[in-house]
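Structure record follows, encoded as C-alpha cells.
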Amino acid sequence: MSQSNGNHDLFENLRLELRRGCLSLAVLSQLRTERYGYTLRKALAEQGLEIDEGTLYPLLRRLESQGLLTSEWREEEKRNKRFYRLSPEGKLMLKQLGAEWQKINSSLKEIL
Amino acid sequence: MELLDRYLHAIEFWLPKRQKQDIIAELSEDLRSQIEEKEAELGRKLQNEEVEAILKRCGAPLEVASRYRPQQYLIGPTLFPIYRFVLAVALIGCVVPRFLIWLVFLLVDPAHRGYLHIENMWATVLYFAFFTTVAFAIAERSGVKLEALNTWNPRKLPPVRDPNRISRFGSLFEIAAGVVVNVWFAGIFWPQPAVDFYGVRITIAPVWQVFFWSFLFLAVANVAIAGVNLFRPYWTPRRAGLRLLFDGIGAGLFCGLLKAHLLVGISASSIPAAKAIELTNLINTWIARMLPWAIVTMLVILSFDVYRILRLRCVHLHGGSIGPAVKDLSSPMVNGN
C-alpha cells in the first residue's frame, strides 16, 4: 500500500517537473493573441493542457517581469480583467523555445 | 460570495505587500468567472458546498500565496551542506564527550560530578546551534561566495583514501614508539617492591607485578600487530578483532590499576614521615579519581576499534564502496591475516 503510494507520489513529482518547463512554452504560444487569465486557462484546457489558477497567475507574472509579456487592465462585460499578450521579446523567445522544443521532441521520439 | 471573499482575504494576508491588490483582483476575477460559468451550466445559484469545492481545488490560502513569492531560504543550497557538516561535527564533538563524561561520573563517582550537569549540556547545544545558524544566515544574506567554487581544480582535490588501509608510516611509528616506551617502562617499573626515583623511595604494592607483566605482554602484542600491519597494510577482521581484544584488556587493566592504591609509601630525607603518609594517601586518592576520565578515554578508543570492525564487515557484505579498497582488500582479507 505504502509502496504504491510512494510510486504515485514519485510519479506526480516527476510529472509536475516534466510539465513545468512545457507550461511556459504553452502559455507563450497561446498569448500570440491577447487573452485574460480565465480564457487562457480554458484555451489551454481545451487543447488538453489543464493548468490551475495557482500555477498560471504566478507564471504570467514571472513571464511579464522577464519582459516576455505585456499586460493591461481593461473592463469587459462590466468586470475589470487583466489582458496579456506577447511582447516583441516574447515573440522572439517563443520562436527560439519552439525550435528547441522541436529538437527535444524529435530526440525523445528516437530515444523512447 | 461570502466564502469567496473570506478565501481571498485569507490569501491576501500572505501576499507581498506591493502586489496584494493586483493579485487578488486577478484571482478574484478568475474564481468569479468559474462560479458564473458553473451557475450558467446548472441554471441556478451555486450552493455553499459547491463554491467550497471550487475553492478547495484552487488550494489552501497559504499555498496559493506562496506561489507568488520568490523562493526564500535562511541558508541556501550552496552553504547548506557546509552548515549541516559544521553543525553535526561540532554538536557531536560537544555532546558525545560531555554526555559520556556525565554518564561515567554518574555511575562511577557521583560525588564529584561537579559542574557536569546535563542541563548545562543542553544549553550549550542550543547556544551553539543558534549561533552557528545565525552565522550561516548572515553569510547567506551578505552573499558570500565560496572562493573554492570558482577556483577548484580536479588535480587539487584530495586523493581517495581507503579507510581500511594502514599507513606504513603509522605502523613504523607505532613500532618505534612501542619499543622505546616499553624499554623505558621496563627499565623504570621493573616489578620490585621499591623504586628509587631522584632520591625519593617509592614503595609499590605487590599487586603491581600482575599489572606490570600484563601491560608488558599487551605492549609487545601491539608492537607485533604493528609489525604485521607494516607488511600487510590492510585491516582484516582478525587483526581488527585482536586490536579490540588487546585494547579491551588494556582498558580493564588500566581502570583496575587506578583503583588499586598501588602506592604503599614514599620516603625521602627531606620529607617528614607523617607528611609522606599524607602525600601517599593524597596521590592514591587522586589517581583513583582519574578513573571516570580514564573510562571515557577507553570507551572512545574501544568505539573506534568497534567501528573499524563494523566497517570491515560492511566491506565484506557490500563489496566495498571505494574502488581501490575492494581491489586491494581481496588478497589479505581472503587470507584472513
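Here are some notes:
- Count of the stretch A:53-72 residues which are assigned to a strand (DSSP E or B) and within 8 Å of chain B (Cβ to nearest Cβ): 0
- Checked against the criterion of being more than 13 Å from the chain's Cα centre (by Cα), among the hydrophobic types (A, V, I, L, M, F, W, C) and within 12 Å of another protein chain (Cβ to nearest Cβ), the stretch A:83-95 contains one or more residues that satisfy it.
- In the stretch B:220-264, the residues that are in contact with a helix residue (DSSP H, G or I) (Cβ under 8 Å, 6 or more places away or on another chain) and aromatic (Phe, Trp, Tyr): B:234, B:235, B:246, B:254
- Scanning the stretch B:36-60 for residues that are within 11 Å of chain A (Cβ to nearest Cβ), among the aliphatic types (A, V, I, L, M) and surrounded by fewer than 19 Cβ atoms within 10 Å (Cβ to Cβ) yields B:54, B:60.
- With respect to (1) in the same structural domain as residue B:6 (by TED's automatic domain parsing); (2) in contact with a helix residue (DSSP H, G or I) (Cβ under 6 Å, 6 or more places away or on another chain), the lone exception for residue B:87 is condition (1).
- Any hit, the stretch B:16-32, residues being surrounded by 11 or more Cβ atoms within 10 Å (Cβ to Cβ), closer than 28 Å to residue A:20 by Cβ, in contact with a strand residue (DSSP E or B) (Cβ under 8 Å, 6 or more places away or on another chain) and not acidic (Asp, Glu): yes
- For residue B:139: the one exception among (1) surrounded by 12 or more Cβ atoms within 10 Å (Cβ to Cβ); (2) on the phi > 0 side of the Ramachandran plot: (2)
- Pick from the stretch B:1-56, criterion small (Gly, Ala, Ser) and either in contact with a Lys or Arg (Cβ under 6 Å, 6 or more places away or on another chain) or free of Cβ contacts under 8 Å to residues at least 40 places away in the same chain (or both), ranking: nearest to residue A:38 (Cα to Cα): B:33
- Residue match in the stretch A:73-95 (condition: at positive phi and in contact with a helix residue (DSSP H, G or I) (Cβ under 6 Å, 6 or more places away or on another chain)): no
- Residue within the stretch B:247-261 that is at positive phi and either part of a loop (DSSP other than H, G, I, E, B) or crowded, with 17+ Cβ neighbours inside 10 Å (or both) present: yes
- Failed condition for residue B:84, given (1) part of a helix (DSSP H, G or I); (2) over 30 Å from residue A:20 (Cβ atoms); (3) at pLDDT 90 or above: (2)
- A Cβ distance below 6 Å, combined with a sequence gap of six or more or placement on separate chains, defines the contacts here; from the stretch B:257-275, residues that are without any contact (Cβ under 8 Å) to a residue 40 or more places away in the chain reach residues that are outside any loop (DSSP other than H, G, I, E, B) and not acidic (Asp, Glu) in the pairs B:258/B:287; B:258/B:288; B:258/B:291; B:258/B:294; B:259/B:288.
- Of everything listed in (1) at pLDDT 95 or above; (2) out of contact with any strand residue (DSSP E or B) (no Cβ under 8 Å at 6 or more places or on another chain), the single unmet condition for residue A:51 is (1).
- Any hit, the stretch B:187-206, residues being in a helix (DSSP H, G or I), out of contact with any Lys or Arg (no Cβ under 7 Å at 6 or more places or on another chain) and either exposed (fewer than 15 other Cβ atoms within 10 Å of the Cβ) or among the polar types (S, T, N, Q) (or both): yes
- Sole residue being in a loop (DSSP other than H, G, I, E, B) and out of contact with any strand residue (DSSP E or B) (no Cβ under 6 Å at 6 or more places or on another chain), chosen from B:44, B:57: B:44
- Residue within the stretch B:311-325 that is over 28 Å from residue B:202 (Cα atoms), in contact with a strand residue (DSSP E or B) (Cβ under 9 Å, 6 or more places away or on another chain) and at pLDDT below 85 present: yes
- Verdict on residue A:50 being within 13 Å of chain B (Cβ to nearest Cβ) and in a loop (DSSP other than H, G, I, E, B): yes
- Number of the exception - residue B:162 against (1) assigned to a helix (DSSP H, G or I); (2) surrounded by 13 or more Cβ atoms within 10 Å (Cβ to Cβ): (1)
- Among the conditions (1) assigned to a loop (DSSP other than H, G, I, E, B); (2) in contact (Cβ under 8 Å) with a residue 60 or more places away in the chain, residue B:230 misses just one, which is (1).
- Taking the criterion of being more than 7 Å from chain B (Cβ to nearest Cβ) and more than 10 Å from the chain's Cα centre (by Cα), the residues of the stretch A:36-47 that qualify are A:36, A:39, A:42, A:43, A:45, A:46, A:47.
- Residue A:28 more than 8 Å from chain B (Cβ to nearest Cβ), closer than 21 Å to residue B:65 by Cα and part of a helix (DSSP H, G or I): no
- Residues of the stretch B:61-83 that turn out to be in contact with a helix residue (DSSP H, G or I) (Cβ under 9 Å, 6 or more places away or on another chain), within 14 Å of chain A (Cβ to nearest Cβ) and of a type outside the set (Lys, Arg), as a count: 7
The values are calculated or read from the model by the stated rules, or taken from the named source; none is laboratory data. If you're wondering where the values come from, they're calculated on a predicted model, not measured in any experiment. No Cβ is skipped: glycine too gets one built from the backbone with ideal geometry, and neighbour counts run over all protein chains shown.
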